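Here the structure comes first, spelled out in structure tokens, and everything after it is commentary.
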Amino acid sequence: MLVRTPTRSRSAPGRLVAAALLVGVTLLASAPAVVAQGGCQFGAGTRDMNSVEIPGAGRVTYVGSPHFVCSDGVHIWADSAVAYSAQNMSLLLGSVRYLDRSRELRADEARYFSQAARIQAYGNVFVRDTVQGSEIENGDLIYLRKASFREQEQITVTTGPDGVRPRARLYMKPAAAAPDSTSPAPDSAAAGDTAAAGLAPARPTTEPADTAKVPYLVVGDRLFLQGDQYFLASGNVEIQRDSLDARADTAEYDQIAARMLLKGSARLEGGTYTLWGRTINLAMPGGEVSSVRAVRDGILVGEDLRLEAPLLQLFLADGAMERLVATPLPRDPASPPLTAEDSSMVARPVAEAEDFRLTADSVEVLAPGEVLDRIFAAGSARGASSGRDSLNVPDLPELARTDWLEGDTIVATFSKPEENPDLPPDTATDEYRLEELVARGSARSLYRMAPSDSASRPGVDAPAVHYVTGKAIRIVMAEGEVERMEVDGPTRGWHLEPDTRKVVGDSVAVPDSTVPPPDTVSVRAGAAGRGMDEVGATDRSGGGREVGAGPGAAALPGAVRKPRGRRSGSRR
């Protein structure tokens, strides 16, 4: 008699093959339990059974409604089964249920290798950790049990032929206590009766004892778990946990190392921000995220803030971002020169808040409770605002096409007005506002303003330009406009008004014979705003000076002036 091992199938024809085999055998409903394979017996609930000795293949046993009871505490039920003694393998078909001391598994079809402590399951797979509460569904599964030759159990799940990806609900913290190994096995008679009726018991819904634990929801093309402290997911991975939402090509979680590593097109969404990077490393002591590192091509987008840098480091408290540091990647001076592709490793961080752009060697953002407070920029820092670009004209030099502030360091302070209950929540009153800019160390500032000539047309006539230098410059903002400027230390400044002299048909300027040509070094106060008006002088006292009245007023020693009644500066 020749016996062919049935091929893997989830369909009704596969079950018909097993049924056809059972029809041709002797019914032994009253036969005593016999050894099915190494370490396993047929228990209560097993119905039809027949054994055939195959030369060279050992004993093959066909079983209807089998219930396997194994010496290592494993119980297995199915609609039908074929047991191969030589291979220590049982082929299980239809409504498969597997139960050991820590796992419960359900599937349409499975293969169980008792000596290898291995089970393979296919079709409508569902597995649950009865100790921790973790669950996995969908895909094709390989479960390697803990044994004398295997220190930790391993589970691998891959996307099945139906294209449905594995989905896991994982509790990764170790349980407080393991179950008593001397506890009795499940009620096999009751389970056998249920299987004999052709019904699979309902999936367990009992939650873990510790309801404070929050699971990881993981979806990927392939999931690998080792014990209850490690998992590796690959292939368009999606991970969610509380306020954490992550995406990557691969994701690795290690409870012992207290970290999660996202690799390849990594993305992390927090409560109020989204973070991108080639890799993202999350430090997770105690299972909670305490810090995050985005390495290579790091981008963070938050409420009214965008930050780019080769290395972004976030520091969190109670799940909320408190501090953010952006720098180039550290590099060994002895290492070989960077290639064009790797030049991004040493790019300077760039922070943008609406029309305001800040660059420096390093940028630090303070946002207690994820509320933007201050931005510190250190190392050749430069802040530029394009909020008043309507003042620009085509011939304006590039240097004067934005309002800007430079210094060794720059500190930008923001405020967020309190919500007005009488206004919709998305109104402008809820947006952050730049409140103050302070530059220290070789500080210098340039900002544009409408000319003092009341007949000038913004965007058609060139703007006036105000430039000042000092040891430190403080710009105070009000409603997005410059309210005042304070300069400390030796101070020098210039106020430039556009030349309003008329041009005749041959495009040759006709000079005003009544006005002497301007001195390129200094022009007397009240010179109608023509040419360069040097209204600042060296402040030898070292004290601070505040911007005063316009160029039509008498020059004040050591002060830099702007036109009376006009504001200038960056909006943000």
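The values are calculated or read from the model by the stated rules, or taken from the named source; none is laboratory data. In this text, all values refer to a predicted model and were calculated from it rather than measured experimentally. Here the Cβ is made from the backbone with ideal geometry for all residues, glycine too, and neighbour counts use every protein chain on show. The accessibility values were calculated without ligands, DNA or RNA, using every heavy atom of the protein model including side chains. Shrake-Rupley method; radii C 1.70, N 1.55, O 1.52, S 1.80 Å.
For region 249-342, with all protein chains present and a 1.4 Å probe, just round the carbon and sulfur fraction of the accessible area to a whole percent.
53
For the peptides 365-377, 389-401, 66-78, what is the packing order when you average, over each peptide's residues, the other Cβ atoms within 10 Å and list the highest mean first? Numbers along the way, then the final one.
Numbers: 365-377: 18.8, 389-401: 12.3, 66-78: 21.8.
Going from most to least packed, we get 66-78, 365-377, 389-401.
Averaged per residue, what accessible surface does region 313-388 expose to a 1.4 Å probe, in Å²?
Value for region 313-388: 47 Å² per residue.
Divide, for region 61-169, the radius of gyration over alpha carbons by 2.2 N^0.38 Å, where N is the residue count.
Details: Rg = 13.2 Å, N = 109, 2.2 N^0.38 = 13.1 Å.
Normalised Cα radius of gyration, region 61-169: 1.01.
What ranking do 154-161, 464-471 get when scored by the average of other Cβ atoms within 10 Å per residue, highest first?
By packing density, highest mean first, the sequence is 464-471, 154-161.
With every atom except the alpha carbons ignored, what do you get for Rg and Dmax of region 289-415, in angstroms?
In Å, with Rg to one decimal and Dmax whole: 16.2, 53.
Ignoring ligands, DNA and RNA, what percent of the accessible area of region 60-147 is carbon or sulfur (1.4 Å)?
Values: 990 of 2230 Å².
Of the solvent-accessible surface of region 60-147, carbon and sulfur hold 44 percent.
In what sequence, highest mean first, do 214-222, 94-102, 50-58 appear when ranked by Cβ atoms within 10 angstrom?
My ranking of the peptides, most packed first, is 94-102, 214-222, 50-58.
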